[in-house]
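Enquirer: Please read through the structure below; I'll follow up with questions.
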Amino acid sequence: MYFDRKCKITFISHGATIYSEENRFSDTENYPPLNEAGQEEIEKICEFLKQRGIKNNKIYSSTETRTIQSAEMVAKVYKQDFEILRDLTPRKVGKFNGLTFNQIEIKYPDLLYKMINNPEERIPEDAESVEKFVKRIKTSLDNIINKNLGNRIIIVTSPDVIRAAICIALDIPYESMHRIYIKTGSATQISYFEEWSSLVYSGQVPV
């Protein structure tokens, strides 16, 4: 039972946008879309999936335009449709949306410190707490895994969600999530077993 694999998930981080290139917080669904660099990143990911012969039974995507655009390209590799899941959205960041880390550090230094060191609090007050976000992603992933026992699946989503998935899989404290770097247009694979999870690779970027 200990080594019985329940599910293997390959997480694909959406391609670059004008926000990701400037390291801006972004939680909106319709903006920004992929830019030219982002489309090229996903094209490389699609070639990576072909070359590695990554098998797949099901494809999921979160709801943002940038993830759906990326999922459409990935789905063509497998000649199949994908399912959109609303529970896989990135963390709601409230008034931080659209701002860079540097801008927040200058404008809201106290809030930035509290957000990093107090993951159980909603900071800013119109945001989703880091703790609640990670728990939301865990619930969603548990549901996906239980629906896909024995399967290999692909989830196209935001770096935020992938960082949360790594924290959950490796029992990393919520407050350390910001230390995990996931590049746009990268692949991360996690194997889920009955009693534990294994990070196979993280942030793989095709060259």
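Enquirer: Restricting things to Cα coordinates, could you compute the convex hull volume per residue of the chain in Å³?
Expert: 108
Enquirer: Around residue 60, which amide H atoms from residues at least 5 apart in sequence, or from another chain, sit under 5 Å from its own amide H, with H modelled in the peptide plane?
Expert: Those qualifying (amide H under 5 Å, at least 5 residues apart or on another chain) are 83, 154, 155, 156.
Enquirer: Excluding residues on the same chain fewer than 8 positions from residue 50, give the aspartates and glutamates whose Cα lies under 20 Å from its Cα.
Expert: Correct list for residue 50: 40, 41, 72, 81.
Enquirer: Against the longest alpha carbon principal axis of the chain, how many degrees, from 0 to 90 and to the nearest 10, is the axis of helix 36-52 turned?
Expert: Taking the Cα atoms of the chain, the angle to 36-52 is about 30 degrees.
Enquirer: Continuing with the same structure: Suppose a student asked you for the relative contact order of the range 1-92, using Cα pairs under 8 Å spaced at least 6 residues apart; what percent would you report?
Expert: About 29 percent, as a whole number.
Enquirer: While we're looking at this one, here's another question. Of the listed pairs 44/132; 6/135; 44/135, which have alpha-carbon separations greater than 22 Å here?
Expert: Beyond 22 Å: 44/132; 44/135.
Enquirer: Helix 159-170 versus the longest principal axis of the chain: what angle, 0 to 90°, nearest 10, using Cα atoms?
Expert: 70
Enquirer: Using only helices, what value at 222 nm comes out for the chain when you add -39,500 (n - 2.57) per DSSP H run of length 4 or more and divide by the total residues, to the nearest 500 deg cm²/dmol?
Expert: Per the formula, -12000 deg cm²/dmol.
Values in this text are rule-based calculations from the coordinates and carry no lab data. These figures come from a predicted structure and were not determined experimentally.
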